[in-house]
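Every number in this text was worked out from the coordinates using simple rules, so none of it is lab data. Owing to the predicted nature of the structure, the values given are computational and were not obtained by experimental measurement. Please note: Cβ atoms are built from the backbone with ideal geometry, for glycine as well, and neighbour counts cover all protein chains shown.
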Amino acid sequence: MQILNFTIEQEVAGQIISLGPTVIKTANEILLVDCGYEETFDQFQVELARLGILVAAITKIIISHDDIDHLGALPLFVAENPDIQVYCSTIEKSAVTGETKSERLEQAEASLQQLPVEYRSWAENFINRLNNIKRIPVDHTLEEGDYVVEEVEVIHTPGHTKGHISLFDHKTKTLIANDALVIEEDRLNIANPQFTLDMRQAVASVKRIKQLQPSKIICYHGGILEEGIQEQLEAVIQYYQ
């Protein structure tokens with residue numbers, strides 16, 4: 001089994017964004033963990049091709065949580081390859097499929113009137129983008145302790161959203177954190193604390209990650225950390241609790 005990473009840097013809605021998706025490749029399967037914005041679909045195809053992977057070869061897409069930068073392009077991937085099986089956590093499923101309003105949309109709408117006037121145009125555009133996410137069915141749901149392949153276990157890491165999941169490869173002790181953590185200036189942090197929906201849960205998730213004693217942490221934003229992990233995790237815990 002291989003765990004592969006690539007970086008997407010592109011302007012989306014007037015902002016330069018940077019994404020760090022992960023691919024899990026086995027002898028029989030190719031899993032893409034999170035799939036970016038609708039606008040980044042073409043660049044995803046380019047970067048996947050650099051790894052020798054075509055969208056037609058992807059067997060599963062794992063959606064870590066309902067945020068536009070993690071699932072905006074999902075319908076495009078499935079349109080390109082209808083055999084892709086879509087997975088997300090049981091908790092997150094109703095938001096991912098559009099059966100219920102997403103937590104992020106509720107948060108954005110609730111905070112709109114509290115924002116300074118100069119930020120409201122941006123916020124209204126963000127709300128519009130969230131409302132226009134194209135929703136499609138989820139084929140399978142995941143719980144804490146499930147395995148997506150071989151030794152890669154689902155770890156429930158709520159906080160950023162209530163149903164957020166990370167993935168842990170027991171063989172290499174690699175944690176695919178998704179948005180449970182971010183790397184900023186070579187330091188771990190909680191991703192977007194100002195948008196974290198439950199900070200208490202987010203800190204508890206960092207404690208859960210620390211218990212796993214990972215030797216590598218892959219973040220969707222910020223890259224990879226392989227040194228001083230336990231110390232940095234403890235620093236995050238102490239800062240926020």
Cleavage-rule hits (GluC sites (Glu not before Pro)) in region 35-138: DSSP loop, at most 12 neighbouring Cβ within 10 angstrom: GLU99
Ranked list, fewest to most other Cβ atoms within 10 Å of each Cβ, for CYS88, CYS219: CYS219, CYS88
Ranking of THR100, THR196, THR161 by count of other Cβ atoms within 10 Å, fewest first: THR100, THR196, THR161
Sites LEU51 and VAL117, calculated FRET efficiency, Cβ-Cβ separation with R0 51 Å, nearest 0.05: 0.65
Whole-Å semi-axes of the ellipsoid equivalent to region 93-229 (Cα gyration tensor, √5λ, descending): 29, 20, 12
Total charge dipole magnitude, region 98-178, about the Cα centre, Cβ charges on Lys, Arg, Asp, Glu only, Debye to nearest 20: 400
Rg and Dmax of region 50-167, Cα atoms only, in Å: 15.9, 51
For GLU103, net neighbour charge (Lys/Arg +1, Asp/Glu -1) across residues whose Cβ lies under 10 Å away: -2
ILE17 long-range amide H proximity, modeled H, under 5 Å: GLN10, GLU11, VAL12
Cα lying deepest toward the dipole's positive end in the chain, options PHE6, GLY145, THR100, charges on Cβ: GLY145
The chain: most fluctuating residue of SER89, SER215, SER64 per GNM, C-alpha cutoff 10 Å: SER215
Part-to-part distance (alpha-carbon centres) for region 40-64 and region 162-185, which is given in Å: 19
Total charge dipole magnitude, the chain, about the Cα centre, Cβ charges on Lys, Arg, Asp, Glu only, Debye to nearest 20: 320
The chain: antiparallel DSSP beta bridges as a percent of all, rounded to 5: 70
